Amino acid sequence: MKLRLVLISAVVMTLANCSSHQQQTSPEDARFLMIESAAKECTDYVLDTSKASQARNITGKYSLDGAYYITSRTDGAFTQIIRKGIPYAKSTYLDNGIEGSAWRACMKGQNALAPEIAIG
């Protein structure tokens, strides 16, 4: 009976420890998650608006592309470059001749247009 109680206690402590580690997010990861979420929303906005324009027989084109959120992490003598993909869209319906400007304006409006974003 004591062995069973010890095993149950060990399992509960392990599960509690695992769940507490998953909830901790570094400031860099939290920033990326915010930017990634905004990028998804802005991409959806550009694509949905472009599709609606196309449905009204307005001439133009749009595309879903990718951008990168690039950061670096230094650990002693080594620097690691970290590239994480985020969605990016461009549309002649919305960009007014400047490729990707609608997406960038949306990102700026959400305070998510960061210097760490590299397009292309």
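The values are calculated or read from the model by the stated rules, or taken from the named source; none is laboratory data. What you see is a predicted model, and the numbers here were worked out from it, not measured in a lab. Using ideal geometry, Cβ is built from the backbone for each residue, glycine included, and neighbour counts are taken over all protein chains shown. For the accessible areas, the whole protein counts, side chains as well, though only heavy atoms, and no ligand, DNA or RNA atoms are used. Shrake-Rupley method; radii C 1.70, N 1.55, O 1.52, S 1.80 Å.
Peptides 77-86, 45-54, 109-118 ordered by packing proxy, namely the average of other Cβ atoms within 10 Å per residue, highest first: 45-54, 109-118, 77-86. Taken about its Cα centre, region 66-120 carries a charge dipole of about 80 debye when Lys and Arg each add +1 at the Cβ and Asp and Glu each add -1 at the Cβ. With protein chains left intact and a 1.4 Å probe, residues in region 52-94 average 69 Å² of accessible area per residue.
State the Kirkwood hydrodynamic radius of region 27-120 in Å, one decimal place, computed from all pairs of distinct Cα atoms.
Numbers: mean 1/r = 0.0709 Å⁻¹.
About 14.1 Å, per the Kirkwood formula over Cα pairs.
Counting only protein heavy atoms and a probe of 1.4 Å, the accessible surface of region 58-117 is 52% carbon and sulfur.
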